[in-house]
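Taking it in order: structure first as structure tokens, then the write-up.
Read-outs: derived from the displayed coordinates by stated rules, not from any lab. These numbers were taken from a predicted model, which means no experiment stands behind them. Cβ placement follows ideal geometry from the backbone for every residue including glycine, while neighbour counts extend to all protein chains displayed.
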Amino acid sequence: MAEQTPTLNADMLEHPFAEFVRTIGRGKRARRDFTREEAAASFRLILAGHATEAQIGAWLMLLRVKEETPDELAGFVDACRGWFSEQQLTLPKADIDWPSYAGKKKHHPWYILSALLLAQNGHRIFMHGGAAHTPQRLYADDVLSQLGVPLAASLDDAHAQLDSSNFTYVGLNVLCPKLDELLMMRFQLGLRSPVNTLTRCMNPTAAPTSLQSVFHPSYIALQQGAAQLLKEPQLAIFKGEGGEVEIRPDAETKIFGLNNSTPFEAVWPARMARQTPPGTAKTSELISVWRGEQENEYGEAAVIDTAAVVLFATGKMASQEQAREMALKYWQARDKTRL
């Protein structure tokens with residue numbers, strides 16, 4: 001009697017996400033990078049809830065060990081933007097995309113004042129960030145709440161806030177809950193993952209000017225390369241204080257980016273000798289300096305120079321000097337009753 005072939009049931013079929021884990025998880029000689037299309041396809045499955053937690057954890061950590069490529073990062077962004085479209089999200093129009101995911105630890109969060117200063121002068125800023133994922137850091141949502149600046153509880157709120165004040169902060173839990181979950185997996189995995197980089201690069205509103213910060217300079221080429229593939233028009237990337245989009249006025253800063261989609265490099269000069277950070281980030285310092293109740297040379301320079309770099313990044317300023325002169329004028333004419 002001939003041997004019967006066993007019946008294949010659904011439980012025995014390979015999971016559709018397994019091929020993506022296998023592609024980057026084989027041995028050193030057999031594994032390879034994803035193409036941009038494969039990266040997008042894998043991340044679309046994750047966003048749609050079609051990958052298990054075990055698969056997602058393996059995928060994230062294999063990518064971290066292998067290190068992402070610009071094509072992969074661009075593919076992940078493609079998937080996110082596709083998800084926004086599929087969900088029929090009506091995202092507001094903004095001039096500047098400002099991701100804020102690092103939090104501050106040693107220096108006060110002066111970048112928040114830079115963003116509010118620019119907004120007060122007509123620049124529509126879409127700031128987005130995630131929940132606190134690293135202990136002992138002060139994140140943008142907490143800072144803004146303490147300053148009395150309302151957070152967007154929905155995209156309708158974001159539209160209204162941008163129209164009324166040129167500024168909105170949208171949490172990742174509002175923008176894309178699944179991305180927020182992935183970001184918070186740091187607590188389970190013990191390490192940052194490619195999602196930390198992705199959130200800085202996704203520019204959900206397709207703002208003409210994108211800002212990105214890095215902890216480690218090695219990420220600059222990766223993010224700049226992905227932005228080129230994504231055809232971002234204006235971009236500024238630099239090693240910001242604490243990983244946020246914030247210039248250190250006591251150190252020379254190398255600015256990398258795109259101007260009309262063409263790569264550029266620039267050097268932003270230091271304004272003062274190296275300063276000792278206060279050691280604990282506080283919001284109260286921002287309020288007193290904004291109101292003019294106390295002087296803080298480092299803080300004021302950080303606010304002005306960060307705003308100047310943003311103005312320079314828009315491509316509408318003839319020079320760095322002109323951008324800083326404009327930022328200084330903004331600061332001197334600020335509405336001190338705003339906070």
ask   = What pairs from 28/105; 239/329; 254/316; 231/336 go past 29 Å between their alpha carbons?
value = 28/105; 231/336
remark   = Note on the stretch 283-339: the mean projected area of its alpha-carbon convex hull, in nm², is 4.0 nm²
remark   = With a ≥ b ≥ c from the Cα gyration tensor eigenvalues, square-rooted, and the rule rounded for a/c under 1.5, otherwise prolate when a/b > b/c and oblate otherwise, the stretch 14-86 is oblate
Farthest positive-ward along the chain dipole, Cα basis, beta-carbon charges - from 273, 120, 213 = 273
message = Let me test this: with uniform point scatterers at the alpha carbons of the stretch 185-257, what is the Debye-based log₁₀ I(q)/I(0) at q = 0.13, 0.14 1/Å?
response = -0.40, -0.46
note = Heads up, the stretch 104-164 by the C-alpha gyration tensor (a ≥ b ≥ c square roots of eigenvalues; a/c under 1.5 rounded, else a/b over b/c prolate, else oblate) looks oblate
ask   = Alpha carbon centre of the stretch 208-252 versus the stretch 64-136: separation in Å?
value = 11 Å
Rounded to 5, percent antiparallel among DSSP beta bridges of the chain = 40 percent
key: Burial order of peptide ranges 22-31, 276-285, 157-166, 228-237 (average beta-carbon count within 10 Å, highest first)   = 228-237, 157-166, 276-285, 22-31
remark   = Among GluC sites (Glu not before Pro) in the stretch 12-80, those in a DSSP loop whose Cβ has at most 12 other Cβ atoms within 10 Å are 14, 67
inquiry  = Relative contact order of the chain, please, whole-number percent, based on alpha carbon pairs below 8 angstrom and at least 6 residues apart.
reply    = 18 percent
task = Measure nothing fancy, just the Cα-based angle from helix 155-165's long axis to the longest principal axis of the chain, in degrees from 0 to 90, nearest 10.
result = 20 degrees
remark   = Once normalised by the length of the stretch 196-247, the mean sequence separation of its alpha carbon contacts under 8 Å that are 6 or more apart gives a contact order in percent of 42 percent
Cα pair distances of the chain binned at 20 Å [whole percent] = 31, 54, 12, 2, 0
task = Could you tell me the distance between the Cα centroids of the stretch 264-314 and the stretch 168-189, to the nearest Å?
result = 28 Å
